[in-house]
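Enquirer: Can you keep this structure in mind? I'll have questions shortly.
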Amino acid sequence: MSKVTFPRMGESWRTFKMLLEDLGNEVVVPPRPSKKTLDLGVRHSPEFACFPLKILTGTYLETIEMGADTIVTSGGMGPCRAGEYAMLHHKILKDLGHDMKMIVFELPRYYPFNFIKNVWTLNKSRVCIRGIISRIKRAWRKLQALDNAEKLSHVVRPREINRGATTRVYHKILDWIDQAYTTEQIIEAEAAALEAMRNIPQDHTREVLKVGIIGEIYVLLEPASNLEMEETLGNLGVEVERSMFLTGWTRDNTWTETTQGMTVKEAAAPYLPELIGGHGRDSIGNTILFAKRGFDGMVQLAPFTCIPEIVARTILPRVSRDYDIPILTFFLDEQTGKAGMSTRLEAFTELMRRKKLLLKKKNVAQKNIYIA
């Protein structure tokens, strides 16, 4: 029997593992990206390849050591190199003596027959169509539970009384969701997980900043690639809201675009009306939507040499001026260090606090003048 692996993006691996095993595959779970992963990827990838490609090269080499012989991954469309990752990875691995089978899922919204063909290829147990649909629905429900738990952790962490409590509880509840199998069990595990998170001692009177995080999908979803950016901000008293979760991305690229996806495009249109590949246009549109909701700042995460995010970066200063919202950009590669990132985040957080305080004093002064 073939041994199947896939890219690791946050906690979604728990869903993919369950679904692939449900279809009769032996799964090799990709390890969390580490220094070893990155060293392997940098050594065997083109020098100016973007950061996610290097991490995935290292991930695949590690899973090959664990016995994997088949890779399931995604494609892409538009002027972005991500759509060529699978082909390039296959060539790199073949040059290294590993003739891996690549199963590439293109966007179902545009290539439905590719999706059907690949699902049938992975259906080793020859489950009937109704059974396949049932298994996909169950996996989707688990992915929703994982995303909902992560979203709540971003709200609770900046308000926690005991530093680190949210992270400890979050890691525990991930196992609860992971161990749930039936839809009913997944729903029960999610409810218990969210309740455990809400029961963490919190200071609800604490004034926290709100920051939106935008950027390229891989560095947004994989904490190892962004050096636990969201956890770092949470510990600084910042509630973060990420522009993208895997459930939202999947909805927008499966059968039809959601209202949320269309709203982002409409918001970006005055600044960037055309598709430039990747998530560049989304970064512009989401920044505007976050600003309109009163967020205190934005953080853009992008792989070094990522053209769509570089284009977005050149436009964001104008958006920042027009909507009076500060924006901090990180271009990530193998040279990025956590200490330097933390220092920049601390300074950015302090600037946002001062801006908010000055605005509050100005409003109070204007109110006093009006009363007088």
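The values are calculated or read from the model by the stated rules, or taken from the named source; none is laboratory data. Note that this is a predicted model, so its numbers are computed, not measured. Every residue, glycine among them, receives a Cβ derived from its backbone with ideal geometry; neighbour counts consider all protein chains shown.
Enquirer: Go through the stretch 175-193 and give me each residue that's in a helix (DSSP H, G or I), under 23 Å from residue 221 (Cα atoms) and touching a helix residue (DSSP H, G or I) at 6+ places or on another chain (Cβ under 6 Å).
Expert: 176, 177, 178, 186, 189, 190, 193 - these are the residues of the stretch 175-193 that are in a helix (DSSP H, G or I), under 23 Å from residue 221 (Cα atoms) and touching a helix residue (DSSP H, G or I) at 6+ places or on another chain (Cβ under 6 Å).
Enquirer: Something else about it: So which residues in the stretch 155-165 are closer than 10 Å to residue 235 by Cα and outside any loop (DSSP other than H, G, I, E, B)? Can you show your working first?
Expert: Narrowing the stretch 155-165 to residues closer than 10 Å to residue 235 by Cα: 157-160, 163-164.
Answer for the stretch 155-165, where residues must be closer than 10 Å to residue 235 by Cα and outside any loop (DSSP other than H, G, I, E, B): 157, 158, 159, 160.
Enquirer: Quick check on my filter: what residues within the stretch 73-91 are part of a strand (DSSP E or B) and in contact with a helix residue (DSSP H, G or I) (Cβ under 7 Å, 6 or more places away or on another chain)?
Expert: Listed by number, the list holds a single entry, 73.
Enquirer: Now a separate question. Of all residues in the stretch 28-37, count the ones that are aliphatic (A, V, I, L, M) and surrounded by 21 or more Cβ atoms within 10 Å (Cβ to Cβ). Please lay out each step first, then the result.
Expert: To start, the set of residues in the stretch 28-37 that are aliphatic (A, V, I, L, M) comprises 28-29.
Narrowing further to those that are surrounded by 21 or more Cβ atoms within 10 Å (Cβ to Cβ): 28.
So the answer is 1.
Enquirer: In contact with a Ser or Thr (Cβ under 8 Å, 6 or more places away or on another chain) and part of a helix (DSSP H, G or I): is that true of residue 152 in this structure?
Expert: So residue 152 does not fit the description; no.
Residue-wise test of (1) in contact with a strand residue (DSSP E or B) (Cβ under 9 Å, 6 or more places away or on another chain); (2) closer than 26 Å to residue 212 by Cα; (3) in the same structural domain as residue 212 (by TED's automatic domain parsing).
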position	(1), (2), (3)
150	yes, yes, no
154	yes, yes, no
163	no, yes, no
166	yes, yes, no
171	no, yes, no
178	no, no, no
181	no, no, no
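Enquirer: Regarding the stretch 110-120, can at least one residue be identified that is in contact (Cβ under 8 Å) with a residue 12 or more places away in the chain, touching a helix residue (DSSP H, G or I) at 6+ places or on another chain (Cβ under 9 Å) and more than 17 Å from residue 72 (Cα to Cα)?
Expert: yes
Okay, residues lined up against (1) assigned by TED's automatic domain parsing to the domain that holds residue 239; (2) within 19 Å of residue 238 (Cα to Cα); (3) more than 22 Å from the chain's Cα centre (by Cα); (4) touching a residue at least 12 places away in the same chain (Cβ under 8 Å):
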site: 277; (1), (2), (3), (4): yes, no, no, yes
site: 284; (1), (2), (3), (4): yes, no, no, yes
site: 296; (1), (2), (3), (4): yes, yes, no, yes
site: 311; (1), (2), (3), (4): yes, no, no, yes
site: 317; (1), (2), (3), (4): yes, no, yes, no
site: 325; (1), (2), (3), (4): yes, yes, yes, yes
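Enquirer: While we're looking at this one, here's another question. Of all residues in the stretch 253-269 being small (Gly, Ala, Ser) and modelled with pLDDT of 90 or more, which is surrounded by the fewest Cβ atoms within 10 Å (Cβ to Cβ)?
Expert: Looking at residues that are small (Gly, Ala, Ser) and modelled with pLDDT of 90 or more, I get 269.
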